[in-house]
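*Asks:* Let me give you the structure first, and then I'll get to my questions.
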Amino acid sequence: MSARQRGGLRRSENMDRKAKTGMVVIDRQRCKGCQLCIVTCPQKSLRLSEEFNEKGSHFVIFDNHGQCTGCTMCGRICPDMAIEVFQEKT
């Protein structure tokens, strides 16, 4: 199942601004670990993994499901387009 087909979630760009619960899906192989998304996230919902991807980079992981609002700041700042942001349907 692709990230876009996850039940109960829809892409943030089509969202009502009142929704409060978000989810971030990161393509580990595309992520180069630049950490721009980590610095940009107002909810501090992202962190750097201790694992490596195929490129030999530490990748970013979503680590705070309860705090993410689905604001899309992380996805907009990502230079590798490795991040998709979803919000729970209200």
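The values are calculated or read from the model by the stated rules, or taken from the named source; none is laboratory data. None of the values given here were measured: they were computed from a predicted structure. Please note: Cβ atoms are built from the backbone with ideal geometry, for glycine as well, and neighbour counts cover all protein chains shown.
*Asks:* Could you please find all residues in region 31-49 being under 12 Å from I83 (Cβ atoms) and either loosely packed, with under 14 Cβ neighbours inside 10 Å or under 13 Å from the mean Cα position of the chain (by Cα) (or both)?
*Replies:* C31, L36, C37, I38, T40, C41, S45, L46
*Asks:* Return the total of residues in region 50-64 being within 10 Å of the chain's Cα centre (by Cα) and either of a type outside the set (V, I, T) or assigned to a helix (DSSP H, G or I) (or both).
*Replies:* Count: 2.
*Asks:* I want to confirm something. Restricting to region 50-90 and keeping residues that are polar (S, T, N, Q) and surrounded by fewer than 20 Cβ atoms within 10 Å (Cβ to Cβ), which single residue is modelled with the lowest pLDDT?
*Replies:* Only one residue fits best here, namely T90.
*Asks:* Output the number of residues of region 29-61 satisfying the condition of being in contact (Cβ under 8 Å) with a residue 40 or more places away in the chain and of a type in the set (D, E, K, R).
*Replies:* Number of matching residues: 2.
*Asks:* Quickly run through region 66-87 and pick out the residues that are over 10 Å from the mean Cα position of the chain (by Cα) and either over 16 Å from L36 (Cβ atoms) or among the β-branched types (V, I, T) (or both).
*Replies:* G66, Q67, T69, I77, Q87
*Asks:* So, P42, is that one under 15 Å from G22 (Cα atoms) and either in a loop (DSSP other than H, G, I, E, B) or small (G, A, S) (or both) or not?
*Replies:* Numbers: under 15 Å from G22 (Cα atoms): yes; either in a loop (DSSP other than H, G, I, E, B) or small (G, A, S) (or both): yes.
Criteria met by P42.
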